[in-house]
Amino acid sequence: MTRRRNFLPLGGFLICGIAFLSYPLFFARFPVTRDVPWVSWLLFGLGLALVGRGLVRSFRQPEHYRGRVLGPILGVLSLAFLGLFLAMTLVYARQLPASAGAPQIGAKAPDFTLPDAQGRPVRLANLLASRAGGAPESGSPGSWVLLIFYRGYW
Amino acid sequence: MAISVDPPEVTREHITKMGWTYTFLSDPKAEAIRRYDLLHAGGGQGGDISRPAEILIDPTGTVRWVDLTENYWVRLRPETVLRAYDQLADGGR
């Protein structure tokens, strides 16, 4: 009797690989799939379920299915993808400084002057005093400013 | 207004590609970033960078709202800060 090839562990492994790569490359672009990476978790769930089913088949029905060597290897690699994903999204991404000295609500925002993308100097105090971005209906003499500090290295 | 350690040329290239029109400032020596205690030492590819943070300042220069994420994949959404601004600006009228 010829034993059938067992494609489930390979399919599950590929889905785990896609689950890992698709988060930074695609799903992280959209807040709804980035803040809580539920699509990635679902993909990992599907991938690992396929690997598991394939392994059960290989070991419970060895007379029908192959894959008792490759299956466990692909299973370990699939779990490694999951481990890397959890490290990337839950461990590494949380290693941020506490920033206990960052300005608190009610504090004066420290002034600074920095060059913009054209190299022209921009001073915070001047922006706050300018009318450019101020809400006209409020009648306030200056502008609100939102500072967005970002990691950079594009 | 966005601030990072990237030099102006890098920022200019990126915002042109992305079509963003608001102000981007360059702080390669992390002077302002340090003044705001937002330095993430060694956080970049071989260098110091800023941690993600958003700070809303009113026209008197007073900080009115702060967001310091604990996970850099979890970022502020525009509608969140717009809602905060609406409440604060209304209350101050």
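Conditions tested, residue by residue: (1) of a type in the set (A, V, I, L, M, F, W, C); (2) under 24 Å from the mean Cα position of the chain (by Cα); (3) under 30 Å from B:Pro78 (Cα atoms).
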site	(1), (2), (3)
A:Tyr23	no, yes, yes
A:Pro62	no, no, no
A:Val69	yes, no, no
A:Gly75	no, yes, no
A:Ala102	yes, no, yes
A:Lys108	no, no, yes
A:Thr113	no, no, yes
A:Gly119	no, no, yes
A:Asn126	no, no, yes
So A:Pro103, is it closer than 30 Å to B:Tyr36 by Cβ, without any contact (Cβ under 8 Å) to a residue 24 or more places away in the chain and surrounded by 16 or more Cβ atoms within 10 Å (Cβ to Cβ): yes
Boolean, B:Arg83 is closer than 19 Å to A:Pro115 by Cα and in a helix (DSSP H, G or I): no
Matching residues in the stretch B:24-43 - criterion: being facing another protein chain (nearest Cβ under 7 Å) and at positive phi: B:Asp37
Residue in the stretch B:65-78 that is charged (D, E, K, R) and over 23 Å from A:Thr33 (Cβ atoms) present: no
Residues of the stretch B:48-93 that turn out to be within 22 Å of A:Arg151 (Cβ to Cβ) and of a type in the set (Lys, Arg), as a count: 3
Count - residues of the stretch A:82-112 that are among the β-branched types (Val, Ile, Thr) and under 25 Å from A:Leu46 (Cα atoms): 2
Answer residue from the stretch B:44-65, given it is within 7 Å of chain A (Cβ to nearest Cβ) and surrounded by fewer than 17 Cβ atoms within 10 Å (Cβ to Cβ) and is nearest to B:Glu31 (Cα to Cα) among those: B:Gly44
Hits in the stretch A:1-38 - residues which are surrounded by 13 or more Cβ atoms within 10 Å (Cβ to Cβ), part of a helix (DSSP H, G or I) and of a type in the set (D, E, K, R): A:Arg34
Conditions (1) on the phi > 0 side of the Ramachandran plot; (2) under 15 Å from the mean Cα position of the chain (by Cα): number failed by B:Gly61: (2)
Unique residue being more than 7 Å from chain B (Cβ to nearest Cβ) and out of contact with any strand residue (DSSP E or B) (no Cβ under 9 Å at 6 or more places or on another chain) when the list is A:Leu127, A:Leu43: A:Leu43
The listed residue being buried (at least 17 other Cβ atoms within 10 Å of the Cβ), modelled with pLDDT of 95 or more and assigned to a helix (DSSP H, G or I), out of B:Ala32, B:Ala89: B:Ala32
Test set (1) of a type outside the set (Lys, Arg); (2) facing chain A (nearest Cβ under 7 Å); (3) surrounded by fewer than 17 Cβ atoms within 10 Å (Cβ to Cβ); (4) part of a loop (DSSP other than H, G, I, E, B) - B:Thr21 fails condition number: (2)
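The values are calculated or read from the model by the stated rules, or taken from the named source; none is laboratory data. What you see is a predicted model; the values in this text were computed from it and never measured. For neighbour counting, all protein chains shown are included, and Cβ atoms are generated from backbone atoms with ideal geometry for every residue, glycine included.
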